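Report on the following structure.
Please treat every number below as a calculation from the coordinates, not as lab data. Treat the numbers as computed from the prediction; the structure is a model and nothing was measured. Cβ placement follows ideal geometry from the backbone for every residue including glycine, while neighbour counts extend to all protein chains displayed.
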Amino acid sequence: SPVMPPDLAKCHDAKSSGLGDNLKCCPPYTSADIVDYTFPETPLRVRRAAHLVINDSEYMEKYEEAVKKMKELPENHPWNFYQQALIHCAYCNEAYDQVGFPGVPVQVHYSWLFLPWHRYYLHFYERILGKLIDDDTFTLPFWNFDSDDGMTIPEIFTNDTSSPLYNANRDTSHYSSAILDYKYSYGNTAGSGETGNALVLANLCYMKKTFKQSLPLAELFMGDPLRAGQEADTTNGFGQLESIHNAIHMWVGTPTSPHTDMGDFSTAGRDCIFFSLHANVDRLWHIYRMFRGNKVEFTDTDWLDSTFIFYDENEQVVRVKVRDCLKPNKLRYMYEEVPIPWMNKLN
Ligand code: C2O
C-alpha cells in the first residue's frame, strides 16, 4: 500500500550523520485539522532561469523582498524561512515514523517519492512567497545547471553578501567561474576529473546518458518503488537524477565537516539556492515526461496514492497525493523555454 503522511503529533528529534542525533525539526503545529488541498485556479506562473533573471531588477526586488519577509516572520510561524527549511529536515532526517510502522522513518529521498514530494514542497514554498508580497504571478527561478551558461553558481545568490538570498555557509571556492561537476562528492572531490570546457561537455554527456538510459525504465530516472512500511534504500534506491542532484548539494555546501546548509539535508533548505536547484530538478522531470509522451511513470497505485501533508498559503494543513502533481499545469506553473544543449545528443 502507499506511503501515508506522518502523525504530526508524534514528531521526534531528527538525526544527521554529520550534525548529530538531537536535531529539532518538528513543525510548530501538531494537531492541526487536515483537509484535502484545493488546487489553485490562479494564472499560470512561469519559472525563469536564474542566470537570466539577474538583469530583471523588478523581479529581483520582488524575490528579495519576499524572502526578506519570510525571514522576518516570527520564529515559530509555519511560513518562517527557517521553519520552511525544517520541513525538509523532518522529512529527510527521520523526525517521523510511518504510521503503523514504529521505527520505520518517513523518508522522501532514495525512492520514487523524491520527485513528487519536492515538487509539492516547492509549490507551497513558492506560493507562500508570492502571498507575502501579494503577487500571484511570483515564481522561483530555476538553476539551469544542464546548460553551458548555467553550470556555475547563479550570481543572484553570490553577488551581494547583504542580500536576503545570500548564505555564508557554502564552498566559496566554487563561486564565480568554477564549473559544477555532476560527479562531485565529499568523498571524491576530484569528481569527473575534468576541467573547463571538457567538464562542461562531460556534464552534458552525463545528462544525455541519464535520459537515454532511463527513458525506457522510469525507476532508473525516478528512483525505486517504496511502499508503506518499507525503509528507503539509501545506497541504491535513488534514481540517476537524484544522484546528480546530490553532487550539486555537496558542491555548494560547506567543504569541511560537519557539512552544513546545502551540504546536509537537515539544513539544506536554509539556502535559497536549494529551491533553484530543485526547480531545475523538477524541470528535468518535466522534460523526461515529455520525452516519454506524457506517459505516467508508474501506474502502480502505491505510487499514485502516496500522500503528503504541507502547510499551504492559506495557513491550512493540507493533504496531497502524488497523482495530482504529475502535470505542472494543475499546480499552475510552467517553465520558461531555454535551449537544451544535451538534447540533440539524444537519439
Ligand atoms: Cu530533499 Cu535536494 O534534497
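What is the chain's relative contact order, in percent, from Cα pairs under 8 angstrom and six or more apart in sequence?
Once normalised by length, the contact order is 28 percent.
Bridging of K10 to aspartates and glutamates at a Cα separation below 19 Å is possible for D21, D33, E94, D97, E231, once same-chain residues fewer than 8 apart are set aside. Applying 0.36 nm per residue to the separation of T234 and S1 and subtracting their alpha-carbon distance, the gain on full extension is 81.8 nm.
For a straight C-alpha distance cut-off of 19 angstrom, the aspartates and glutamates reachable from K209 (same-chain residues fewer than eight places away being disregarded) are D146, D148, D181, E194, E219, D224, E242, D282, E297. Distance between the pseudo-spin-label points of N197 and E315 (7 Å out from Cα toward the beta carbon): 5.7 nm.
One compactness figure for the chain is 0.93, namely its Cα radius of gyration divided by 2.2 N^0.38 Å.
Rounded to the nearest 20, the Cβ-based charge dipole of the chain about its Cα centre (Lys and Arg +1, Asp and Glu -1) stands at 800 debye.
Excluding same-chain neighbours fewer than eight residues apart, the lysines reachable from K68 by a Cα-Cα span under 29 Å are K15, K24, K131, K330.
How large is the convex hull of the C-alpha atoms of the range 120-264 per residue, in Å³?
160
The share of C-alpha pairs in the range 32-159 whose separation exceeds 17 Å stands at 68 percent.
When DSSP beta bridges are restricted to pairs lying wholly in the range 8-345, around 60% turn out antiparallel.
Counting every pair of alpha carbons in the range 50-118, the share spaced more than 21 Å apart comes to 50 percent. Using a 4.7 Å Cβ-Cβ cutoff, the cysteines of the chain lacking any partner cysteine are C92, C205, C272, C325.
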